[in-house]
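Notes follow the structure.
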Amino acid sequence: MNLICRQTSHESFFCYNARIMTTPFLIFIDGPMGSGKTTTSKLLNHKLPDTARVAMPDIKRLVPNYKENPNTLIVLKDVMGAMVDKYLEHRVSVIVELVTKAQGVEMLRNIAEKHGAKFYAYRLTAPKDHRQARVHERTKEMMGVTELPKSKIDELTGYFEPNDQFYINNPVSTIDFIDTEKMNPEQVTDFIIGKLD
């Protein structure tokens, strides 16, 4: 076995079997706001050397004066698909962060199969109050404040009502679910990496 280790913090190391890197893979991370998609995809990108991270929030920033509507979403998903396709064509494994429906999962699965890459798909989830608290903390950090103004709290609350709407609007049955209330980000990423073969 050829183990390679990387330092993941000032006191811990992560080791992986170098053999898993010989075949490219695509890890797809999905989930509602506050479920831990960005934290997980960034940690995976850090722990898995020579992988590309493709995330919809980052792609949105590439579009000047981006405004979400059906046309721009189609363009963004096409751009994301093209990026993933090119990375895998060049044997670079990819971590994709995206909220999608079943057809989006199948698009990514088809791209992976086209290039002989292994495909792993996960939907992160957590109870609404837990996710909402995470989003509030994240927003306070972004705004540089210790308390959120009521107008911002009201705006954020709108994203969580009704709680089941995300699952109604984005149904999938072909991916594994991970409850991020029960696992911290390190445990989630180690679980996902442990499934690579």
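Every number here is computed from the coordinates shown, using simple stated rules; none is lab data. Quick caveat: nothing in here was measured; it's all calculated off a predicted structure. With ideal geometry, Cβ positions are generated from the backbone for all residues, glycine too; neighbour counts draw on all protein chains shown.
Taking the Cα centre of the range 23-194 as origin, work out the dipole magnitude from +1 charges on Lys and Arg Cβ and -1 charges on Asp and Glu Cβ, in debye rounded to 20. Could the numbers behind the result be given before it?
Working: 23 positive and 23 negative charges, 64 e Å.
In debye, rounded to 20, the range 23-194 gives about 300.
For the chain, which span is the longest to avoid every loop-located (per DSSP) member of GluC sites (Glu not before Pro) having at most 11 other Cβ atoms inside 10 Å?
For GluC sites (Glu not before Pro) (loop position, at most 11 other Cβ atoms within 10 Å), the longest site-free span of the chain is 69-146.
Please identify the chymotrypsin sites (Phe, Trp or Tyr not before Pro) of the range 140-179 that satisfy two criteria: DSSP loop assignment and at most 14 other Cβ atoms within 10 Å. Which are they? Let's see the in-between values first.
Details: sites: 159, 160, 166, 167, 177; in loops: 159, 160.
Here the sparse-neighbourhood loop sites are 159.
Determine, from the Cβ-Cβ distance of residue 195 and residue 91 and an R0 of 30 Å, the FRET efficiency 1/(1 + (r/R0)^6), rounded to the nearest 0.05. Don't skip to the end; give the middle numbers.
Numbers: r = 20 Å, r/R0 = 0.68.
Efficiency, from the Cβ-Cβ distance: 0.90.
Send over the semi-axes of the range 139-197's equivalent ellipsoid, whole angstrom and largest first, taken as the square roots of 5 times the C-alpha gyration tensor eigenvalues. Don't jump to the answer; show the numbers that get you there.
Details: eigenvalues 178, 78, 13 Å².
Ellipsoid half-lengths, sorted descending, are 30, 20, 8 Å.
What is the antiparallel percent of DSSP beta bridges lying wholly in the chain, to the nearest 5?
Details: 5 of 24 bridges.
Among the beta bridges of the chain, antiparallel pairing accounts for roughly 20 percent.
Taking a temperature of 25 °C and a viscosity of 0.890 mPa s, what whole-number D in µm²/s does Stokes-Einstein yield for the chain with Rh from Kirkwood over alpha carbon pairs?
On the way: Rh = 18.0 Å.
D = 136 µm²/s.
List the longest stretch of the chain that has no exposed loop site; here a site is one of the trypsin sites (Lys or Arg not before Pro) assigned by DSSP to anything other than H, G, I, E or B, with at most 16 other Cβ within 10 Å.
On the way: sites that count: 61, 67, 91, 101, 182, 195.
Result, exposed sites excluded: 102-181.
Just to be sure I understand the model, the point goes 7 Å from the Cα along the line to the Cβ. What's the resulting residue 179 to residue 138 distance in nm?
With each label placed 7 Å out from Cα toward Cβ, I get 2.1 nm.
Using the Karplus equation 6.51 cos²θ - 1.76 cosθ + 1.60 (θ = phi - 60°), what ³J(HN,Hα) coupling, rounded to whole Hz, does each residue of the range 134-139 give in order, writing x for Gly and Pro?
In residue order, the calculated couplings are 4, 5, 4, 5, 4, 5 Hz.
Can you show me the helix-derived [θ] at 222 nm for the chain, built from DSSP H runs with n ≥ 4 at -39,500 (n - 2.57) apiece and divided by the number of residues, rounded to the nearest 500. Provide the component values of the computation, followed by the final result.
Working: 8 runs with 89 residues, N = 197.
Estimated from H runs of four or more residues: -13500 deg cm²/dmol.
Over the chain, with a Gaussian network built from C-alpha contacts below 10 Å, which listed residue (35, 151, 173) shows the highest mean-square fluctuation?
The residue with the greatest mean-square fluctuation here is 151.
Which of the aspartates and glutamates could a cross-linker bridge to residue 86, judged by Cα under 16 Å and excluding same-chain residues fewer than eight apart?
Within reach: 50, 78, 113.
Which residue, 39, 125, 110, has the largest displacement toward the positive end of the dipole of the chain when charges sit on each Cβ (Lys, Arg +1; Asp, Glu -1)?
110
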